[in-house]
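These notes concern the structure reproduced below.
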Amino acid sequence: MRKSAAILLLVLVLYWFTLSGYFDHTVLFVTGGLSVLAVVGLAARMNILDDETTPYFRFKSIGYFVWLFKEIVKANMAVVKAVLSPDMEISPSMFKVKMDHGTDLGRTTFANSITLTPGTISVEMEDGEILVHALLEEMTDLEGFKEMGVRSGKAVADPMNYVPKLAAKPKATKKRKGS
Amino acid sequence: MNPHVILRVVAKMLIPLIALFAFYVQFHGDFGPGGGFQAGVIFASSIILYALIFGMAAAKKAMPPSWVRIGMSLGVLLYGGTGVATWLLGGNFLDYTRFAPESTHAAGQHWGIFSVELGVLCTVACAMLAIFYAFGSRVQDLSDEDW
Amino acid sequence: MTLEIIQLVVSGAFLISGVFFVLAGAVGVLRLPDFYTRMHAAGMTDTLGAEFIIFGLMVQAGFTQTSLKLFLIAFLLFLTSPTASHAVADAAHHAGLKPLLGKFRAPNPAEVKANKVEKH
Amino acid sequence: MHLSPVLFLNIGLMAMLIVVAIAVVRMRSLFAIVMLQGVYSLLSAVWFVSLDAVDVAFTEAAVGAGVSTVLMLGAMLLTDRDVKPIATKQKLGPLLVVIVTGVAMFYAIGDMPAYGDGMSPANAYIGAEYIEATKREIFLPNVVTAVLASYRGYDTFGETVVIFMAGLGVLLLLGLNGNAGQWRAKPNGRNIAKNVTPPRKHIEEAEEKPKVKKTRKAAKPRVRKKS
């Protein structure tokens, strides 16, 4: 708790100077210091001082974000192509991806990465299972999820043991608009 | 287990940033857009976010209702008190130049505006929280099924 | 001088591609059949659309405090927009909204016309 | 009036505001209305930015779209989820008032100064004076703050008191823990009047909690005796 308080303090000081941009103004300097201390105190009162609050500054995670951004661009292209083509052939499906990151932070990173990649949304998360809604057939590929899970686990330094599993096969209810 | 894991983790990251942003808006009101009214609402919204995720009881532990009640009136007192102080220093009500009559850079004005805006921050933040607490505590914590 | 031109071109390219993704997202929201699929299109606007526009502005601002602030905005968007999408999708799922599953194709305009004529 | 992109932006934003306002009036579900009010606030905040009124836009976004949406939702939970339909006859009176006011406003548009006109009464006399005097007397880059807190200090004091009174009024009616008017007030909002919300399981659980504490306290002396 003391360690994360220190990290939070550092992050908030950097945040303050990023926002403020005044380095030589005495009043702003003093009030800035007091406000940072007040916010850390508030966070302590709220009981939110732990590793989940301050996951910033992990150099491993920078590489992950670069990789994730590449994935997002790729997925965006696929979705744009599907949406803008006159036929608009899509095959929405829902399935469960089972994975077990050790911590809530790892689970959140993984689920948010899924949502960030267009074409897949994490609809529900229960313990180790994420219910995913996918727009296109090529996005149900479990290998992709596995890679994302492993990488996101590494990015936030989780003890992780990943078991990809298609828990429920998507039901095909043939429905067509206009018919 | 709390079903809203993602919301909880992300809210935990955001709450300190929102709270500090409120103070930034407060103290940079002299240089850019901002001031006590905006800062008060932003600060209140950080606590409201906490209450929405962790429940009303936890929020009341972090920011007790008694603080809210005191802060609400303390802000008005600070504003009015600034006026009375200038009065006692021999000026008119809220005539801030009395704080530093000889200053060439209007330091008195700066101090007056500073303390007045602080009063506004106190009142606005606490009044918003008071209204939120009053409405929110009236209903017991809703379970997801009630929606 | 040349640096300025490069800056202009790069930021312009970012802005145009960002606007393209936002537009594609809007078209997707209008065309896609149900709530969950529409959320994919909406997600497109707030990931690549918004991020590319912010990157374009960052390139235009250069190495200044403004571009640091823009980076903060981009970071917050990265953090909050998937969370909001998840919250909305979760709420819809809890409320019992059934997703449309299986293969789906956009109806042919000619087919739709024929249907309408039959109904009349 | 020359055509500029900003003009089109303003026209588009105004059109969207009108559409949202009509939707708010015609909606029946209170939840949707509250959400649309948030949309309305955000749109008007964008519009204020395009008018260069950043301070106002800031306030509108924070208050209108942020906090007041939450407060409205909180208030909505205490009432119905739907609006009761109003008979058409009862709408005629308000409609008349709205039409008369609208016509009067359209009539007044003719006298309005052009947007950004430096010679308009609002800008030429006291506005220009404030801008000049701020440079000379207060030395602040943000004229809005100087006007708000110094030149119009009385005004802002009044506004602060108004907000204080609003909070106080709600507290007097509902109580800080939502239990005003109950003869057995309990701290931290635990005990909610049973005639307000029907008793549910978790309310009963919350009331049972003090008992657990008592048993814990009772357990302590026993240990002492043993030692």
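The values are calculated or read from the model by the stated rules, or taken from the named source; none is laboratory data. Every value quoted in this text rests on a predicted model; they were computed, and no experiment measured them. Note that each Cβ is placed from the backbone with ideal geometry, even for glycine, and that neighbours are counted across all protein chains shown.
Annotations
- Assessment of the range C:86-93 against the conditions (touching a Pro at 6+ places or on another chain (Cβ under 7 Å) and either more than 10 Å from chain A (Cβ to nearest Cβ) or within 22 Å of A:Glu129 (Cβ to Cβ) (or both)) yields no matching residue.
- Matching option when the condition is part of a helix (DSSP H, G or I), in the same structural domain as D:Ala53 (by TED's automatic domain parsing) and of a type in the set (S, T, N, Q), among D:Thr101, D:Thr134, D:Thr145: D:Thr101
- When D:Lys91 is tested against the conditions (1) facing chain B (nearest Cβ under 7 Å); (2) modelled with pLDDT of 85 or more, the lone failure is (1).
- Filtering D:Val20, D:Val46, D:Val34, D:Val6 for residues that are free of Cβ contacts under 8 Å to residues at least 24 places away in the same chain and out of contact with any strand residue (DSSP E or B) (no Cβ under 9 Å at 6 or more places or on another chain) leaves a single hit, D:Val20.
- Screening the candidates D:Ala75, D:Ala45, D:Ala32 for the property of being part of a helix (DSSP H, G or I) and under 30 Å from D:Val6 (Cβ atoms) yields one hit, D:Ala45.
- When the helices (runs of 4 or more DSSP H) confined to the range C:1-114 are screened for residues that are at pLDDT 90 or above, those reaching at least 3 such residues are found at C:2-31, C:50-61, C:65-94.
- Here D:Val24, D:Val70 are screened, and the one residue that is in the same structural domain as D:Asn10 (by TED's automatic domain parsing) and within 18 Å of B:Leu49 (Cβ to Cβ) is D:Val70.
- Test: residue in the range B:84-101 that is touching an Asp or Glu at 6+ places or on another chain (Cβ under 6 Å), surrounded by 20 or more Cβ atoms within 10 Å (Cβ to Cβ) and farther than 16 Å from A:Ala38 by Cβ: yes
- From the list B:Phe23, B:Phe54, B:Phe31, the lone residue that is in contact with a Ser or Thr (Cβ under 6 Å, 6 or more places away or on another chain) and at the interface with chain A (Cβ under 8 Å from one of its Cβ atoms) is B:Phe23.
- Here the condition is being more than 7 Å from chain A (Cβ to nearest Cβ), over 25 Å from C:Ser85 (Cα atoms), outside any loop (DSSP other than H, G, I, E, B) and under 9 Å from the mean Cα position of the chain (by Cα); of B:Phe37, B:Phe43, it holds for B:Phe37 alone.
- For the range A:21-51, a residue qualifies if it is buried (at least 19 other Cβ atoms within 10 Å of the Cβ) and either farther than 20 Å from B:Val10 by Cα or at the interface with another protein chain (Cβ under 8 Å from one of its Cβ atoms) (or both), and the qualifying residues are A:Leu28, A:Thr31, A:Gly32, A:Ser35, A:Val36, A:Val39, A:Val40, A:Leu42, A:Ala43, A:Met46, A:Ile48.
- Across the range A:113-151, the number of residues qualifying as under 14 Å from the mean Cα position of the chain (by Cα), among the hydrophobic types (A, V, I, L, M, F, W, C) and more than 19 Å from C:Thr47 (Cβ to Cβ) comes to 2.
- Among the strands (runs of 3 or more DSSP E) confined to the range A:66-155, the ones with at least 2 residues that are in contact with a helix residue (DSSP H, G or I) (Cβ under 7 Å, 6 or more places away or on another chain) and within 8 Å of chain C (Cβ to nearest Cβ) are located at A:120-126.
- Test for B:Gly108: is it surrounded by fewer than 24 Cβ atoms within 10 Å (Cβ to Cβ), of a type outside the set (Lys, Arg) and within 8 Å of chain D (Cβ to nearest Cβ): no
- Whichever residue in the range D:99-145 is surrounded by 11 or more Cβ atoms within 10 Å (Cβ to Cβ), of a type in the set (A, V, I, L, M, F, W, C) and out of contact with any helix residue (DSSP H, G or I) (no Cβ under 7 Å at 6 or more places or on another chain) and, among such residues, is farthest from B:Ser103 (Cα to Cα): D:Ala124
- Filter pass, A:Gly63 being part of a helix (DSSP H, G or I), at pLDDT below 85 and buried (at least 18 other Cβ atoms within 10 Å of the Cβ): no
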